[in-house]
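Engineer: I'd like to ask you about the structure that follows.
Values quoted throughout were computed directly from the atomic coordinates according to the rules given, and no laboratory measurement underlies them. What you see is a predicted model, and the numbers here were worked out from it, not measured in a lab. Don't worry about glycine lacking a Cβ; one is built from the backbone with ideal geometry, like all the others, and counts go over all protein chains shown.
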Amino acid sequence: MYQVGNLVKELSDKHGRMRESLMPILQEIVQKHNYLTDEAMVEVARELDISAAEVYGTASFYTFLDTQVKGKYVIRVCKTITCSMKGKSDIIQTLEDMLKIKIGETTTDKQFSLIETNCIGWCHKAPAILINEMPYTELTPEKVSTIIKDYMQK
Amino acid sequence: MAVRRIELMLCTGTGCVAGGAFRISEALEKEIQKQGLEKEISVIITGCNGFCGHGPLMLVQPDGIFYGFLTPEDIPFLVQEHFLKGRPVKKLMFSPPEKKEPVPLLSEIPFFKKQLLIVLRNRGIIDPEKIDEYIARDGFTALEKVLTSMTPDDVINEITRSGLRGRGGAGFPTGTKWKICRAEQKMPKYIICNCDEGDPGAFMDRSVFESDPLSAMEGMIIGGYAIGASHGYIYARSEYPLAIKRMNLSISSAKDYGLMGKNILGTDFSFDLEIRQGSGAFVCGEETSLILSIEGRGPEPIQRPPFPAQSGIWGCPTVINNVETWATIPVIINRGADWFSKIGTETSKGTKIFSLVGKINNAGLIEVPMGITLKEIVYDIGGGIPDNKKFKAVQTGGPSGGCIPYSMIDIPIDFESLIEAGSMMGSGGMIVMDEDTCMVDVAKFFIQFTNDESCGKCTTCRDGSEALHKVLTDITNGDGKEVDLEFLEEVGNAIKDASACGLGTTLPNPVLSTLKYFRDEYEAHIKERRCPALVCKNLIKYYILPEKCTGCKLCLKNCPPGAIKGELKHIHIIDQSKCTKCGTCLDVCPPKVSAIIKVSGKEMENITGIEEPYPVKRKGGKNET
Ligand SMILES: Cc1cc2nc3c(=O)[nH]c(=O)nc-3n(C[C@H](O)[C@H](O)[C@H](O)COP(=O)(O)O)c2cc1C
Ligand code: SF4
Ligand code: SF4
Ligand code: FES
């Protein structure tokens, strides 16, 4: 868990306090902390003068506006057809073995979360994953394990 | 800079760099110096031209000769032969698989010859982060022409006459949409660029914004002038950070140059652009949903009419078009509607970008005139199917589309023909499938996708996709019943008729089209518990042929769950209760031995029950069983 502190206020100053400011504010909180806490959402509702239920309702519609605790690095593995044809299950196997978690889980040290996602637009270089916003493509189990080792050292 | 006699355009796109393009450039520089040709030849680094399957590659200008699969070792010979002695090197040219004679000229290679680059005109040619390079390639001349010599109605007429139809999926005539919006009295009006691309297999919008962001933006400014809007939004999916970075850069450099913002090019027309990001909801690509998302409201799609052109963002008239549609606009303005409408077919004008992915040799983006046949795309441009496998089908139109079987390979690709075939254009994803693809599994994939992405507002879409998915899962698990096929058709048609947005109304297409063209595969799963493509795990078994196994232990060592029993020089056996059907053993068994087979249906029962490994005895080169 993180403390939002002044963040919501700062973001509201930056993006405004209108209904259309809601998404950019939530997105920037997630960019910083990878997920939304209840505290953050209540704070946003207060700043924009809308109900907390509305904030929660909006957030829950979008898979990237996560309301569950997420690690520092969120690994999204494309599970869609082209990546599947090109061996995404080996990639998932490697990731699960290395991180010792299953799809949908977060490591106990809160470094990594592993989730599946739909097509991320790198189908010609399948299989592909995103780590936070960074795409990694044409993966093999060996390539993935080098990449993850790098992140583990960060 | 002195004009050199020869220019070597060496590709340094991602694919070619991975293949060693920089080592080629070093080798070239070295040999050119050695031969004293540095005053005559220069090496020019370029971006990707899409022919990545043949990299590292280069083009010799002005001759137009293409060399591919280059290695540093080839370079001295190449430089001496071609540039010193004037004898182009045949063995480094492109040779088509079926013909013996190589094709020297890039422009004659089918991959390039059959393409026509309008939207991708600047791909690999300009630095997308430098506005000057866009301007040097006629960038903003269309905007200048519009602002100085055309009325808004002239612009709309030109676009209407060109026959341009939206590239985002539905193919609505762009000129007509603009005209409806212009006719609305309410002010202000807005422009939106839909870059929420999410169709499986499609990534053209990402590529346009990554390789030539200003082309789409110039189109949007022209659109703003035509309908009377001074503000626009680009809605981009957040999965595309590089594209978003380049949008931001382009906006600020266009403003610096007076090409965006207040009083563009000194006229009284002003236009500003703002970027909004999605957050991982596919349905937000639907126009009414996208608009609600920008407004910060719950983005469940709403019934049209009214269309956004009448009542869009904040209830104001709004033109929303796809990235590719916007990027086509400047070219139509510059070269004229007559020129554009000569390209393509009667009802589908111009070019379309497709992304070729899946089981295809030249995977990547291509741009072709409408009306080209599927066969030309898959074989001439795509280079056919890898590993000499059989071409089975192409899935077009993403989750809204369908599968087109091999038997229809001569179909011309345009909006109408694809719909007639039970598929659709969609955003242009083409997923190529070979004989190893199970069509029931493919249908299940797409239904899983739409079920994930349904916003849940309509029962038909939400529960209908769930029901379809359950039945497809049963069939692929071997639990299918004969009535299931009728059920799929009935539910499919019901969903089509009663959902609020395009996601629901088109979601049954992958099921209905595979049922239409590959019914025998569905039946094999149900009646014989057999997966003809040997994909569905519940319906296949791996088996080691005793007469072929040499007892090398390779499969045993590599089997992840340890399901293989055996010792050195003993016939190995798979414990079916432990096997997870991962296929590793089949991959590692040496090709010369090929002792492991995959079977389905009746053959699964015929597997002879050897219980324990026993020694390999060779007689006449074969094992005794
Ligand atoms: C579920 C769904 C998703 C869509 N996704 C996109 C998209 O990612 N990009 C796009 O341009 N159009 C998408 N569309 C189509 C848009 O609603 C709209 O028709 C299009 O943006 C209009 O632009 P055009 O006329 O230039 O094609 C989608 C439609 C539906 C029903
Ligand atoms: S058809 Fe599906 S995605 Fe579209 S509004 Fe209805 S439930 Fe939502
Ligand atoms: S398919 Fe996989 S699990 Fe089954 S025997 Fe072969 S290697 Fe082992
Ligand atoms: S299918 Fe995985 S990136 Fe498109």
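Engineer: Taking the Cα centre of segment B:439-527 as origin, sum charge times position over the Cβ atoms of Lys and Arg (+1) and Asp and Glu (-1), and report the length of that vector in debye to the nearest 20.
Structural biologist: Using only the charged Cβ atoms, the result is roughly 240 debye.
Engineer: Please report the projected area of the protein assembly as shown's Cα convex hull averaged over all directions, in nm².
Structural biologist: The Cα convex hull of the protein assembly as shown, projected and averaged over all directions, gives 37.8 nm².
Engineer: Can you pull the mean other chain C-beta count within 10 Å for peptide A:72-85?
Structural biologist: Mean partner-chain Cβ count within 10 Å for A:72-85: 5.
Engineer: Counting only residues 5 or more places away or on other chains, whose amide H sits under 5 Å from the amide H of residue A:73 once H atoms are built in the peptide plane?
Structural biologist: Those lying under 5 Å, H to H, from residue A:73 are A:112, A:113.
Engineer: What Kirkwood hydrodynamic radius do you get for segment B:426-484 when you take the inverse of the mean 1/r over all pairs of distinct Cα atoms, in Å?
Structural biologist: Radius from the Kirkwood sum: 12.7 Å.
Engineer: Take the alpha-carbon positions of segment A:4-61, form their convex hull, and give its projected area averaged over all directions (one quarter of the hull surface) in nm².
Structural biologist: Averaging across all directions leaves 3.3 nm² for the Cα convex hull.
Engineer: Can you tell me the mean projection area, over all orientations, of the convex hull of segment A:73-152's alpha carbons? Units nm², please.
Structural biologist: 4.4 nm²
Engineer: Ordered by residue, what ³J(HN,Hα) values in Hz, to whole numbers, does segment B:294-306 give under the Karplus form 6.51 cos²θ - 1.76 cosθ + 1.60, where θ = phi - 60° and Gly and Pro are x?
Structural biologist: Result, rounded to whole Hz: 4, 6, x, 9, x, x, 5, x, 10, 4, 10, x, x.
Engineer: Binning at 10 angstrom from zero up to the longest distance, how are the C-alpha pair distances of segment B:153-243 distributed in percent?
Structural biologist: Histogram of Cα-Cα distances, whole percents per bin: 15, 45, 32, 8, 0.
Engineer: As a footprinting exposure proxy, order B:525, A:15 by other Cβ within 10 Å, with the fewest listed first.
Structural biologist: A:15, B:525
Engineer: Determine by what factor the alpha-carbon radius of gyration of chain B differs from 2.2 N^0.38 Å, reporting the quotient.
Structural biologist: With N residues counted in chain B, Rg over 2.2 N^0.38 Å equals 1.11.
Engineer: Take every Cα pair under 8 Å in segment B:439-527 that's 6+ residues apart, average their separations, divide by the length, and report that relative contact order as a whole percent.
Structural biologist: 39 percent
Engineer: With only Lys, Arg, Asp and Glu charged, each at its Cβ (+1 for the first two, -1 for the last two), find how big the charge dipole of the protein assembly as shown is about the Cα centre; round to the nearest 20 debye.
Structural biologist: The calculated dipole for the protein assembly as shown is roughly 1820 debye.
Engineer: Related question: Take every residue in peptide A:113-122, count the Cβ atoms of other chains within 10 Å of its Cβ, and give the average of those counts.
Structural biologist: So the per-residue partner count for this stretch is 6.
Engineer: Right, another one. Using alpha carbon coordinates only, what is the Rg to Rh ratio of chain A, with Rh defined as the Kirkwood radius?
Structural biologist: For chain A, the value is 1.03.
Engineer: Using unit Cβ charges (K, R positive; D, E negative) and no other charged atoms, how large, in debye to the nearest 20, is the dipole of segment A:4-61 about its Cα centre?
Structural biologist: Its charge dipole is roughly 100 debye.
Engineer: I've got another one for you. Show me the ranking of peptides B:358-371, B:76-89 by mean Cβ neighbours inside 10 Å, starting with the highest.
Structural biologist: Ranking the peptides B:358-371, B:76-89 by packing returns B:358-371, B:76-89.
Engineer: Using each residue's phi in segment B:535-548, evaluate 6.51 cos²θ - 1.76 cosθ + 1.60 at θ = phi - 60° and report the 3J(HN,Hα) Karplus result to the nearest Hz, with x for Gly and Pro.
Structural biologist: 10, 5, 4, 5, 10, 10, 9, 9, 8, 9, 6, x, 6, 10
Engineer: Any idea what the relative contact order of segment A:1-82 is, in percent, if you count C-alpha pairs under 8 Å spaced at least 6 apart?
Structural biologist: Taking the mean separation of contacting Cα pairs over the length of segment A:1-82, I get 30 percent.
Engineer: Would you work out which of B:368, B:399, B:422 lies farthest towards the positive end of the dipole of segment B:351-434, given +1 charges on the beta-carbon of Lys and Arg and -1 on that of Asp and Glu, about the Cα centre?
Structural biologist: Positive-end residue among those listed: B:399.
Engineer: Evaluate the relative contact order of chain B (contact order divided by residue number), counting alpha-carbon pairs under 8 angstrom at least 6 apart; express in whole percent.
Structural biologist: Taking the mean separation of contacting Cα pairs over the length of chain B, I get 10 percent.
Engineer: In Å, what is the Rg of the alpha-carbon atoms in segment B:60-112, and how long is Dmax?
Structural biologist: Cα radius of gyration and Dmax of segment B:60-112 are 11.2, 32 Å respectively.
Engineer: Still on this structure, I have one more. Using +1 at the C-beta of Lys and Arg and -1 at the C-beta of Asp and Glu, which of B:231, B:76, B:517 has the Cα lying farthest in the positive direction of the dipole of the protein assembly as shown?
Structural biologist: Checking the options against the dipole of the protein assembly as shown, the answer is B:76.
Engineer: Residue farthest toward the positive end of the dipole of segment B:540-621, with Cβ of Lys/Arg at +1 and Asp/Glu at -1: which of B:550, B:574, B:584?
Structural biologist: Checking the options against the dipole of segment B:540-621, the answer is B:550.
Engineer: Would you calculate a helix-derived [θ] at 222 nm for chain A, using -39,500 (n - 2.57) for each DSSP H run of n ≥ 4 and dividing by the full residue count, to the nearest 500?
Structural biologist: It lands at -14000 deg cm²/dmol.
Engineer: Just want the ordering: B:253, A:113, from fewest to most Cβ atoms lying within 10 Å of their own Cβ.
Structural biologist: Ascending number of Cβ neighbours within 10 Å: B:253, A:113.
Engineer: OK, next. Considering only DSSP beta bridges with both partners in the protein assembly as shown, what is the antiparallel share in %, to the nearest 5?
Structural biologist: Antiparallel bridges: around 60 percent, rounded to the nearest 5.
Engineer: For peptide B:296-303, compute the average count of partner chain beta-carbon atoms within 10 Å of each residue's beta-carbon.
Structural biologist: Other-chain Cβ atoms within 10 Å of each residue's Cβ, averaged: 4.
Engineer: Work out from phi, with θ = phi - 60° and the Karplus expression 6.51 cos²θ - 1.76 cosθ + 1.60, the ³J(HN,Hα) of each residue of segment B:61-72, listed in order in whole Hz, and give x for Gly and Pro.
Structural biologist: 10, x, 5, x, 7, 9, 10, x, 6, 6, 10, x
Engineer: Next question. Over the Cα atoms of segment B:242-339, what Rg and Dmax result, in angstrom?
Structural biologist: 16.0, 43
Engineer: With respect to the cross-link table entries A:79/A:149; B:130/B:352; B:352/B:392; A:79/A:110; B:581/B:602; A:100/B:569, which display a Cα-Cα separation exceeding 29 Å?
Structural biologist: The answer is A:100/B:569.
Engineer: Can you give me the long-range amide H partners of residue B:231? Hydrogens built in the peptide plane at 1.01 Å from N, cutoff under 5 Å, separation of 5 or more residues or another chain.
Structural biologist: Placed amide hydrogens put B:191, B:272 under 5 Å from residue B:231.
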